[in-house]
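Asker: To start, I am sharing the structure in question, which I have written as structure tokens.
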Amino acid sequence: MKDKKLRSELSNPYYIVSPDYTDSSSGIIAMHLLCHALNLMGEEAYMTQYTFDWQQPLSAIRNTVLASHEVVTNDHLRTPVLKITDIEKHKSTGRQPVAVYPEIISGNPLNMDSVVRYILNIPGLLGGDVVFGDNDILFYYRDEFAGSAKSFNKLHLPTCDLSLFNLENTSETNRKGSYFFINRYRGHVPLQEITKNSIEISFRYERTLKELSEIFKSAELLYCYEPSALCFEALLCGCPVVFLPNELLKEIPSFEAFGNTGVAWGSSPEQIEHAKKTVGNFYPIYQKMEKDFWVQLDDFIDKTQERSKDDLKI
């Protein structure tokens, strides 16, 4: 733990821009969890939805209808919604907020001097800018999103809930039944014969996370037509994942630290046997990744606070 002083100078707050919380988007979960984690670390972080200009005088901001009042959050996370009283307090005390945008947000709608981009996907793939501001601080969720950059800031925030997705109450000998997942690729790739007798588990069929965990703890296989955080949830419960090659999925998804642990590329007996033999190794790897996140978050705080304090001096 870093040295703390009761009269230490307050850190600059974080205004984290994100859509409403939903369990069906790992990117949105990551933004809300980042706010939660920063608050757990003793920082001051808020959720908002960019409808005001920080550089305006308070009188103008007060007259702005803040959509952030309507942000949907997760009651189990420490994610306070930004209110006009918070903005007034930060302005009156001379604190410089740090705007944190996902890569899908173009420009700097909050008009902040201190800007962080959390790159949760390939820049431009789902919208937003491809080239960012020279003074923006970039943090990447995965190595591959950094492109050809040789050095970059990494912030890999594991989004799966380990209190639900784990190896408790699982039995490898009693697993039965298979499921398949397709979402964005629906209508673009044909369903394969091998999933004909499997149960679809896609997002159009609403299931709670608890229901999903119960399914994955008893299922024999999960067939996937596309990569998804849902694959991680299955693997954490000891359910092997079989990726089915298709026109849009031409190579096994890159899982970085996990490699092909618990995963089959195609439905050959050899690949499925490999997935079944190695799936039990996935959970401890994920646990270590969650521990590593807190080290990366320390780096995130140090770099963003240093930059925001430098901005105040300009």
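The values are calculated or read from the model by the stated rules, or taken from the named source; none is laboratory data. These numbers were taken from a predicted model, which means no experiment stands behind them. Don't worry about glycine lacking a Cβ; one is built from the backbone with ideal geometry, like all the others, and counts go over all protein chains shown. Just the protein is used for accessible areas: all its heavy atoms, side chains included, with ligands, DNA and RNA removed. Shrake-Rupley method; radii C 1.70, N 1.55, O 1.52, S 1.80 Å.
Asker: Computed FRET efficiency, Cβ-Cβ of ASP292 and ILE122, R0 22 Å: what is it to the nearest 0.05? Mind showing how you got there, number by number?
Answerer: Details: r = 23 Å, r/R0 = 1.02.
Once rounded, the FRET efficiency stands at 0.45.
Asker: What part of the accessible area of the stretch 195-314, given as a whole %, is carbon or sulfur when the probe is 1.4 angstrom?
Answerer: Carbon and sulfur: 51 percent of the exposed surface of the stretch 195-314.
Asker: Still on this model: Counting each DSSP H run of 4 or more residues in the chain as -39500 (n - 2.57), what helix-only mean residue ellipticity at 222 nm follows after dividing by all residues, to the nearest 500 deg cm²/dmol?
Answerer: On the way: 7 runs with 87 residues, N = 314.
Rounded to the nearest 500, the figure is -8500 deg cm²/dmol.
Asker: Step through the residues of the stretch 108-113 one at a time and calculate ³J(HN,Hα) from phi using the Karplus curve (6.51 cos²θ - 1.76 cosθ + 1.60, θ = phi - 60°), rounding each to whole Hz and writing x for Gly and Pro.
Answerer: Once θ is set to phi - 60°, the couplings for the stretch 108-113 become 9, x, 7, 6, 8, 6 Hz.
Asker: Within the chain, which whole H helices from DSSP have a Cα span along their axis of at least 18 Å and a mean Kyte-Doolittle hydropathy of 0.0 or more, if any? Walk me through the numbers before you get to the answer.
Answerer: Details: long enough: 26-40 (20 Å, 1.41); 282-313 (47 Å, -1.19).
Qualifying helices, which must be both long enough and hydrophobic enough, are 26-40.
Asker: Scan the stretch 136-207 for GluC sites (Glu not before Pro) in coil per DSSP, keeping those whose Cβ has at most 15 other Cβ atoms within 10 Å, and list them by number. Present the calculation step by step, with values, prior to reporting the outcome.
Answerer: Working: sites: GLU144, GLU168, GLU172, GLU193, GLU200, GLU206; in loops: GLU168, GLU206.
Sites meeting the loop and neighbour criteria: GLU168, GLU206.
Asker: Turning to a different aspect of this structure: 5 Å is the cut-off here: which amide hydrogens, built 1.01 Å from N in the peptide plane, fall below it relative to VAL98, excluding neighbours closer than 5 in sequence?
Answerer: TYR14, TYR15
Asker: Next up: Give me, ordered by chain and number, the residues 5 or more places off ALA264 or on other chains with an amide H under 5 Å from its own placed amide H.
Answerer: When sequence neighbours closer than 5 places are left aside, the close amide H contacts are VAL241, VAL242, PHE243.
Asker: Out of THR195, THR22, THR208, any idea which swings most in a Gaussian network model of the chain, alpha carbons joined below 10 Å?
Answerer: Among THR195, THR22, THR208, the largest mean-square fluctuation in the Gaussian network model of the chain belongs to THR208.
Asker: For GLU144 and SER171, calculate 0.36 nm times their separation in residues minus their Cα-Cα distance, and state this gained length in nm to one decimal. Let's see the in-between values first.
Answerer: Values: separation 27, 0.36 × 27 = 9.72 nm, distance 3.50 nm.
Result: 6.2 nm gained on full extension.
Asker: Still on this structure, please answer the following. Express the accessible area of the stretch 135-287 per residue in Å², computed with a 1.4 Å probe while the remaining protein chains stay in the model.
Answerer: Values: 7690 Å² over 153 residues.
About 50 Å² of surface per residue is accessible.
Asker: If each residue of separation counts as 0.36 nm, what is the full-extension length gain between TYR185 and ASP134 once their alpha-carbon separation is subtracted? Walk me through the numbers on the way to the answer.
Answerer: Working: separation 51, 0.36 × 51 = 18.36 nm, distance 3.52 nm.
Full-extension gain reported as 14.8 nm.
Asker: Largest first, please: the extent of the C-alpha atoms of the stretch 191-296 along each principal axis, to the nearest Å.
Answerer: 45, 30, 25
Asker: Rounded to the nearest 10 Å², what accessible area does SER148 have for a 1.4 Å probe in the complete protein model?
Answerer: Its accessible surface works out to 110 Å², give or take rounding.
Asker: Go ahead and set up a Gaussian network model of the chain, Cα springs under 10 Å, then flag whichever of VAL17, VAL131, VAL98 fluctuates most.
Answerer: VAL131
Asker: Here's a follow-up. At a threshold of 8 angstrom on Cα-Cα distance, excluding pairs fewer than six apart, so keeping six or more, what relative contact order does the stretch 73-154 reach in percent? All intermediate terms of the calculation are to be shown ahead of the outcome.
Answerer: On the way: 102 pairs, mean separation 17.9, N = 82.
About 22 percent, as a whole number.
Asker: Using Cα-Cα distances under 8 Å and only pairs 6 or more residues apart, what relative contact order does the stretch 261-314 have, in percent? All intermediate terms of the calculation are to be shown ahead of the outcome.
Answerer: Working: 24 pairs, mean separation 13.8, N = 54.
Once normalised by length, the contact order is 26 percent.
Asker: Report in % the part of the accessible area of the stretch 57-109 that belongs to carbon and sulfur, leaving out ligands and nucleic acids; probe 1.4 Å. Could you put the intermediate results ahead of the total?
Answerer: Numbers: 1410 of 2680 Å².
Its accessible area is 53 percent carbon and sulfur atoms.
Asker: How much accessible area does CYS160 have with a 1.4 Å probe, in Å² rounded to the nearest 10?
Answerer: 10 Å²
Asker: Here's another thing I want to ask about it. Could you work out how far the C-alpha centroid of the stretch 129-176 sits from that of the stretch 24-90, in angstrom?
Answerer: Between the Cα centres of the stretch 129-176 and the stretch 24-90 lies a distance of 23 Å.
Asker: Quote the accessible area belonging to VAL115 in square angstrom, nearest 10, computed with a 1.4 Å probe and with ligands, DNA and RNA left uncounted.
Answerer: Rounded to the nearest 10, that gives 10 Å².
Asker: Cα-Cα over 24 Å: which of LYS196/LYS217; LYS176/LYS288; LYS150/LYS276?
Answerer: LYS176/LYS288; LYS150/LYS276
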